[in-house]
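Inspection log for the structure reproduced underneath, given as C-alpha cells.
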Amino acid sequence: MADFDVNEIKRRMDGAVSAFKSDLAGLRTGRASANLLDPITVDAYGSSMPINQVANVTVPESRMIAVSVWDKSMVGAVERAIRESNLGLNPITDGTTLRIPLPELNEQRRKELVKVAHQYAENARVAARHVRRDGMETLKKMEKDGDIGQDDSRQTSDKVQKMTDDTVSEIDRLLTAKEGEIMQV
C-alpha cells in the first residue's frame with residue numbers, strides 16, 4: 001500500500017472545509033467583521049488588488065467597519081469598490097479613513113444570506129465528494145494493477161468513506177451555526 005496516501009485525502013478534505021469557513025466569514029450576520037470586505041478587490045496601480053493590500057480594515061464598534069487607506073490617492077478607488085460590491089454598504093469618507101455603518105438586516109435579506117450559506121455548503125460537500133471519488137478510483141486502479149490486495153483496498157475505502165462522512169457532518173455543523181448567527185435578531 002505504498003502509493004496510496006490517506007493523509008493526502010484528509011488534507012484535501014480539510015481544504016474543502018477551510019474554504020467553506022472562509023466563504024462563511026464573508027457573509028454578513030448583522031455584526032461587523034473585518035472579513036466582510038475580503039471578497040472586494042480595488043483597481044489599484046494598474047491591477048486588481050484585495051482591499052486588505054491597500055488599506056487596514058478594523059472593527060471599532062459592533063455595527064461599524066473602518067477602512068484606513070494607506071495611499072491618499074487610493075481613497076476614491078476603495079470607496080468605489082465598496083459601493084459597487086453588492087454588499088449593500090455605503091461608506092462615509094473622512095480623510096483617508098472610510099467609515100462603513102452596517103444597517104440592520106431585514107428578514108428578507110437574512111433569508112437570502114441563509115440561501116447563499118446553503119449554496120456554499122453544497123459546494124463544499126461536492127468538493128469533499130470529489131476528493132472521495134478520486135481516492136476510490138486510485139484504490140480501484142491499484143487493486144486492478146495488483147499493487148494492493150482486496151482486503152487492504154476495502155479497509156482503505158472504508159477509511160476514505162469515514163473521512164468523507166466526518167467532513168460532510170463538519171460542513172453541516174458549521175452551516176447550522178452560521179444559519180443561527182444570521183437569523184439572530
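The values are calculated or read from the model by the stated rules, or taken from the named source; none is laboratory data. Keep in mind the model is a prediction, meaning the values are calculated, not measured. All Cβ positions, glycine included, derive from the backbone under ideal geometry; neighbour counts span all protein chains shown. To get the accessible areas, we keep the full protein, side chains included, count just its heavy atoms, and leave off ligands, DNA and RNA. Shrake-Rupley method; radii C 1.70, N 1.55, O 1.52, S 1.80 Å.
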query = Would you pick out the residues in region 22-69 that are farther than 20 Å from Arg109 by Cβ and open to solvent by less than 20 Å² (accessible area, probe 1.4 Å)?
reply = Val42, Ala44, Ile51, Val54, Ala55, Ala66, Val67, Val69
query = Hey, does region 4-12 have a residue that's at pLDDT below 90 and surrounded by 17 or more Cβ atoms within 10 Å (Cβ to Cβ)?
reply = yes
ask   = Can you name the number of the only condition in (1) at pLDDT below 90; (2) open to solvent by 50 Å² or more (accessible area, probe 1.4 Å) that Leu105 fails?
value = (2)
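Go through region 25-100 and tell me which strands (runs of 3 or more DSSP E), entirely inside it, have 2 or more residues that are under 24 Å from the mean Cα position of the chain (by Cα). Outline the logic, then answer.
On the way: elements: 41-44, 47-50, 55-61, 64-69, 92-94.
By residue number, 41-44, 47-50, 55-61, 64-69.
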Only listed residue being modelled with pLDDT of 85 or more, hydrophobic (A, V, I, L, M, F, W, C) and either in contact with a Phe, Trp or Tyr (Cβ under 7 Å, 6 or more places away or on another chain) or over 20 Å from Pro103 (Cβ atoms) (or both), chosen from Ala66, Ala19 = Ala19
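Working only within region 135-151, note down all residues that are touching a helix residue (DSSP H, G or I) at 6+ places or on another chain (Cβ under 8 Å) and part of a helix (DSSP H, G or I). Working first, answer last.
Keep residues of region 135-151 that are touching a helix residue (DSSP H, G or I) at 6+ places or on another chain (Cβ under 8 Å), which gives 135-136, 139-140, 142-143, 148-150.
Answer for region 135-151, where residues must be touching a helix residue (DSSP H, G or I) at 6+ places or on another chain (Cβ under 8 Å) and part of a helix (DSSP H, G or I): Gly135, Met136, Leu139, Lys140, Met142, Glu143, Gln150.
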inquiry  = I need a count of the residues in region 143-185 that are surrounded by fewer than 12 Cβ atoms within 10 Å (Cβ to Cβ), under 14 Å from Arg133 (Cα atoms) and among the basic types (Lys, Arg).
reply    = 1
